[in-house]
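The values are calculated or read from the model by the stated rules, or taken from the named source; none is laboratory data. Since we're looking at a predicted model, the values are computed, not measured. Note that each Cβ is placed from the backbone with ideal geometry, even for glycine, and that neighbours are counted across all protein chains shown. Only protein heavy atoms, including side chains, enter the accessible area calculation; ligands, DNA and RNA are left aside. Shrake-Rupley method; radii C 1.70, N 1.55, O 1.52, S 1.80 Å.
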Amino acid sequence: MTNPLLTLDGVAFILPDGRALFSDLDWQCDGRRTGLVGRNGAGKSVLARLLAGELAPTHGRCSRAGMVACLSQQAGDGAAHSVGDLAGIGAITRALARIEAGSSDPADFDAVGEQWDIATRLQQSLERQGLGHVTLATPVTTLSGGEAMRVALAGAMLLDPDILILDEPTNHLDRAHRQSLIAQLRTWPKGLLVISHDRELLGEMERIVELSAHGLRSYGGDYAFYEEARRHEQDSAQQALAHARLELKRDEQARREQRERQERRQARGTRDSKDANQAAILLGRGKERSEGSSGRLQRQHDAARSEGLARVRDAASHALDIDAVRIHVGEFTQSAQRRVAELDAVTLPFLPAPLDRIDLTVSGRQRIAIVGPNGCGKSTLLKVLAGRLAPVAGRCSLAPDVAWLDQQLATLDPARSTLEQLLAVNRSVGQDMLRTWLVQLGLDARLIAQPTGQLSGGERLKAALACVLYADPPPALLLLDEPTNHLDLASLGALEAMLGAYGGALVLVSHDRVFLERIGLTHRLSATSAGWRLEEC
């Protein structure tokens, strides 16, 4: 193993509301390609910022043995206004401009260092990635999420850091650009830490580290190794929980029998004393001794029971892991012949020919994945199917019970809580049951009462999913635009299981190959140079 590039020593981070996000973290990050995984809300993004020096720990120490570059999952949403700033070279290029204008300020020369040609090298890198239309002065607001991530990554690699930290780098990237990113990272010669739930990307890592309530746990292999190890751990944890519960039951039975024997002895002793006509003072002393013995026995039993319950709770805390997230599936199955959407000679807005023309019928339990590169019109097509965007020409016929979940989660009101918004679409099962479903989804009582605008990306996605999936009646047609972005691995598995049992029609956009393989697609609708092409899977 190489020397550590990043070291955590007893690190803790306390949130402004006083909650400990994590505590007593001890860990070393070396030169191996490392994937960091964990539940939504576990603190992965905060940990990345601590490692990069952007945040200070509440307690403990974080040390770095070299330059660190950290790319957040919201690349383009920060303070950067231009592509140069987003790429991390804005200060250098501004210093270069001042030098070219005649500046002799040593600070400008220090800012440039040896990077005299960095603007040219960045432009060449962008052109290789198909971003030749982007310049250093291009406003960040004109970039898509995928373009912003690619610009930020190109700049970080040009700065040649000793360790590169990437937070959900494949979000918003299409299939081709995901493959390009994986190829780039495969040849990255220095330290790499990737926070991701992209199982294909995690398969390229040399080790997986999991952040949980138990701390940081390192697994010395790729994602497949981690997944197998977690299955074994979960099986062992379930066996340990069953054993702890059985031992508690046996111990309580033994203590109950011991109490019954004690009570029988006491009753027999009382009868014998009365029959022997003992003096009252002797009878009283015998009663005191008996009561003292009973009290000691009860205290022993209480202590033993507390220890047994503690063992059960400890076993349960380890067992409630990968299978803890569940998505409720309503009893709903529609006829395979029912048409839920029909596009007849439709001309789609904003798209160039031939992708602006489409004929499509969706019925029954069809499961259609819309695939193609970024910018080909996948989201536009979903909006037309959702009735949120009118076609330029042609006929669009939709069932009344269509549900749509877009990438920006526009269906959520950021000022209202998850529970409030869910009650607005489902009043048939009662608030207690809705609360239970939200807890199973991974949203506890504190989170479901907060305005959704205050939740993390993964938590907001879960809230939006709940409001779509738990509506009454359930949707006959479910439209999902990149539903796996921001979801943790446990929630991904739960979503895959739910979609497998969902009885309606499904049309979705996703670049997650593993996800698409696991949800039982019936068709793929591909954007090609000849137009839209529907094929059976």
Requested in this report: Could you check the simple spin-label distance between ALA12 and ALA345, using points 7 Å along Cα→Cβ, in nm with one decimal?
Outcome: 7.1 nm
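Might you report the magnitude of the Cβ-based charge dipole of segment 397-517 about its Cα centre, with Lys and Arg at +1 and Asp and Glu at -1, to the nearest 20 debye? Intermediate values should be presented prior to the final figure.
Numbers: 7 positive and 14 negative charges, 53 e Å.
Approximately 260 debye in magnitude.
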Requested in this report: Using only Cα positions of the chain, each an equal point scatterer, no hydration layer, compute I(q)/I(0) via Debye at q = 0.07, 0.09, 0.11, 0.12 Å⁻¹ and quote the log10 values to two decimals.
Outcome: -0.53, -0.78, -1.08, -1.24
Query - segment 352-367 and segment 154-201: distance between their alpha carbon centers, rounded to Å - result: 33 Å
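Write down the accessible area per residue of the chain in Å², having rolled a 1.4 Å probe over the full set of protein chains. Walk me through the intermediate numbers first.
Details: 25830 Å² over 537 residues.
On a per-residue basis, the chain sits at 48 Å².
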**Report entry** Kirkwood hydrodynamic radius of segment 391-494, from inverse mean 1/r over distinct Cα pairs, in Å
**Finding:** 14.4 Å
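Any idea what % of Cα-Cα pairs in segment 167-209 are farther than 14 Å? Please list the in-between numbers first.
Numbers: 388 of 903 pairs.
Percent of Cα pairs beyond 14 Å in segment 167-209: 43.
What's the carbon and sulfur percent of segment 1-83's accessible surface, probe 1.4 angstrom, rounded to a whole number? Provide the component values of the computation, followed by the final result.
Numbers: 1960 of 3990 Å².
The value for segment 1-83 is 49 percent carbon and sulfur by accessible area.
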Query - Cα-centred dipole magnitude for segment 1-133, charges only on beta-carbon of K, R (+1) and D, E (-1), debye, nearest 20 - result: 500 debye
Query - Long-range HN-HN contacts of LEU506 with modeled amide H, under 5 Å - result: GLN366, ARG367, ILE368, LEU478
Query raised in the report: Counting pairs of Cα atoms in segment 92-143, how many percent are more than 12 Å apart?
Result: 67 percent
Query raised in the report: FRET efficiency for ARG265 and SER306, Cβ-Cβ distance as r, R0 = 35 Å, nearest 0.05?
Result: 0.85
**Report entry** Distance from segment 415-447 to segment 461-537 (C-alpha centre basis), Å
**Finding:** 22 Å
Report task. Can you find, among CYS537, GLY203, GLY442, the residue farthest towards the positive end of the dipole of the chain? Put +1 on the C-beta of Lys and Arg, -1 on that of Asp and Glu. Result -> GLY442
Query raised in the report: What fraction of the Cα pairs in segment 8-70, stated in percent, has a spacing above 14 angstrom?
Result: 58 percent
Report summary line: Across the chain, qualifying lysine pairs (alpha carbons under 29 Å, at least 8 places apart or different chains) come out at 5
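What FRET efficiency do you get for ALA445 and ALA415 if R0 is 22 Å and r is their Cβ-Cβ distance, rounded to the nearest 0.05? Write out the running numbers ahead of the final one.
Details: r = 19 Å, r/R0 = 0.88.
It comes to 0.70.
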Report task. Send over the Kirkwood Rh of segment 384-427, from the inverse of the averaged 1/r over different Cα pairs, rounded to one decimal Å. Result -> 12.7 Å
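Once the Cβ-Cβ distance between GLU114 and THR141 is put in as r, and R0 is 41 Å, what FRET efficiency do you end up with, to the nearest 0.05?
Plugging the Cβ-Cβ distance into 1/(1 + (r/R0)^6) gives 0.80.
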Requested in this report: Bin width 5 Å, alpha-carbon pairs only: give the P(r) of segment 1-133 as whole percents, running from 0 to the bin holding the largest distance.
Outcome: 2, 8, 13, 15, 15, 15, 13, 9, 7, 2, 0
